[in-house]
Amino acid sequence: MTRHDELLAEAVLREVRGLTTRQAVLRLFELGLVSRRGCEQCAIRDEIGRLEKEGMSRCEAFEVTAGKLCCSYEKVRNAFYNTYKH
């Protein structure tokens, strides 16, 4: 981590110090400091993983996840297979 990264991290820590984990996450979203795309990608991968563990095929898991997250099958597929750089 660079010195610049450390300074930025300290600024963020000041914003969440003393808050519960849930409050801290909500505060970070409120401030626009969380990557919504990154969170969505994580949620998609988690849901597909959960469905596959239950025995669902990957293609079917993509379809179910798209319905659950109100997005397209293509968006789910891309989020699952592509790693976005932020």
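Go through Leu8, Leu26 for me and flag whichever is at pLDDT 95 or above and open to solvent by 70 Å² or more (accessible area, probe 1.4 Å).
Leu26
Scan region 6-18 and report the pairs whose first residue is without any contact (Cβ under 8 Å) to a residue 60 or more places away in the chain and whose second residue is open to solvent by 80 Å² or more (accessible area, probe 1.4 Å), with Cβ atoms within less than 6 Å and a gap of 6+ or a chain change.
none
Answer with yes or no whether Arg36 is closer than 30 Å to Leu8 by Cβ and either loosely packed, with under 11 Cβ neighbours inside 10 Å or not assigned by the TED database to the domain that holds Val12 (or both).
yes
Among the listed residues Phe62, Phe29, identify the single one that is assigned to a helix (DSSP H, G or I) and touching a residue at least 12 places away in the same chain (Cβ under 8 Å).
One residue alone meets the criteria, Phe62.
If I filter region 61-82 for residues that are aromatic (Phe, Trp, Tyr), open to solvent by 60 Å² or more (accessible area, probe 1.4 Å) and at pLDDT below 95, do I get at least one hit? Step through it out loud before you land on a result.
So in region 61-82, the residues aromatic (Phe, Trp, Tyr) come out as 62, 73, 80-81.
Next cut, open to solvent by 60 Å² or more (accessible area, probe 1.4 Å) only: 73, 81.
With at pLDDT below 95 added as a condition, the list becomes 81.
Yes, some residue in region 61-82 is aromatic (Phe, Trp, Tyr), open to solvent by 60 Å² or more (accessible area, probe 1.4 Å) and at pLDDT below 95.
Report yes if Glu47 is surrounded by 15 or more Cβ atoms within 10 Å (Cβ to Cβ), free of Cβ contacts under 8 Å to residues at least 60 places away in the same chain and assigned to a helix (DSSP H, G or I), otherwise no.
Taking the combined requirement at face value, the residue satisfies it.
The values are calculated or read from the model by the stated rules, or taken from the named source; none is laboratory data. Everything numeric in this text was worked out from a predicted model, so none of it was measured. Cβ sites come from the backbone with ideal geometry, for glycine too, and all protein chains shown count toward neighbours. Heads up: the accessible areas ignore ligands, DNA and RNA and are worked out on the full protein's heavy atoms, side chains in. Shrake-Rupley method; radii C 1.70, N 1.55, O 1.52, S 1.80 Å.
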